[in-house]
Amino acid sequence: MTISKPEKEIIPPEEESFIGRWSRRKQATQEDRTELLQNDMPTADVKNTVLLTDADMPPLETLNEDSDYTGFLSPKVTEALRKQALRKLFGSPAFNIRDGLDDYDGDYTYFEKLGDIITADMRHQMEMESRRRLEQLAEQDTAEEEQQLDVATASTEEDVVEQQQVLADSRTEQTTVQVDDEEVEL
């Protein structure tokens, strides 16, 4: 014998207030949820199952990706054995698939060479290097001029010979700079 619920009075939508409609809908969803929960309740068979322990588990070496790992999730299985089994499961090739969406997982140690292409940054770096070399040469020239002045004002013959040798050594070191595919000798 089932007890029926009293029929609710149906109010036409135009006479029903917003809060009344909201309350009615909320009660209807709660009734649907309780019916679903009652249908999903476990049966007595689940309560009679035996909890598995470490002794009941198969050796980890015999497991593969098609094996059943649900026994390792039993509460009586030690945490260490559970971790080892799950590590074996998730280390298998079925779970070890890269999605290719990670930007950082590429091999960036090898790259395609640019060849004859000179980028704007490369051109700028070459210009900066040539300017640095020109400044160094200008400094060397001023140093040579100072040495020549020192030679002219030197009082002894030995100082003159020594300074002339230093001057000759510095002149033999010539530097070439490449600017826009042309070698400039300084």
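The values are calculated or read from the model by the stated rules, or taken from the named source; none is laboratory data. The structure presented is a predicted model; accordingly, all values stated were derived computationally and were not measured. Every residue, glycine among them, receives a Cβ derived from its backbone with ideal geometry; neighbour counts consider all protein chains shown.
Hey, can you tell me all the residues within region 65-96 that are within 30 Å of Leu51 (Cβ to Cβ) and surrounded by fewer than 10 Cβ atoms within 10 Å (Cβ to Cβ)?
Initial filter on region 65-96 (within 30 Å of Leu51 (Cβ to Cβ)): 65-92, 94-95.
Within region 65-96, Asp66, Asp68, Thr70, Pro75, Glu79, Ala80, Phe95 qualify.
Determine which member of the set Val50, Val46 is in a helix (DSSP H, G or I), modelled with pLDDT under 85 and of a type in the set (A, V, I, L, M).
Residue meeting the stated conditions: Val46.
Being modelled with pLDDT under 65 and of a type in the set (Ser, Thr, Tyr), is that true of even one residue in region 163-170? Walk me through it before giving the result.
Let us first name the residues in region 163-170 that are modelled with pLDDT under 65, namely none.
Within region 163-170 (the criterion being modelled with pLDDT under 65 and of a type in the set (Ser, Thr, Tyr)), the answer is no, since none of the residues qualifies.
Give me the pairs: first residue in region 54-78 and within 17 Å of Phe90 (Cα to Cα) and of a type outside the set (Val, Ile, Thr), second residue surrounded by fewer than 16 Cβ atoms within 10 Å (Cβ to Cβ) and at pLDDT 90 or above, beta-carbon distance under 6 Å, and six or more apart or on different chains, which are they?
Final answer for the pair search is Leu60/Gln84.
Consider Asp99 carefully, then state whether it is in a loop (DSSP other than H, G, I, E, B), of a type outside the set (S, T, N, Q), over 30 Å from the mean Cα position of the chain (by Cα) and loosely packed, with under 13 Cβ neighbours inside 10 Å.
Details: in a loop (DSSP other than H, G, I, E, B): yes; of a type outside the set (S, T, N, Q): yes; over 30 Å from the mean Cα position of the chain (by Cα): no; loosely packed, with under 13 Cβ neighbours inside 10 Å: yes.
Judged against the criteria, Asp99 is not a match.
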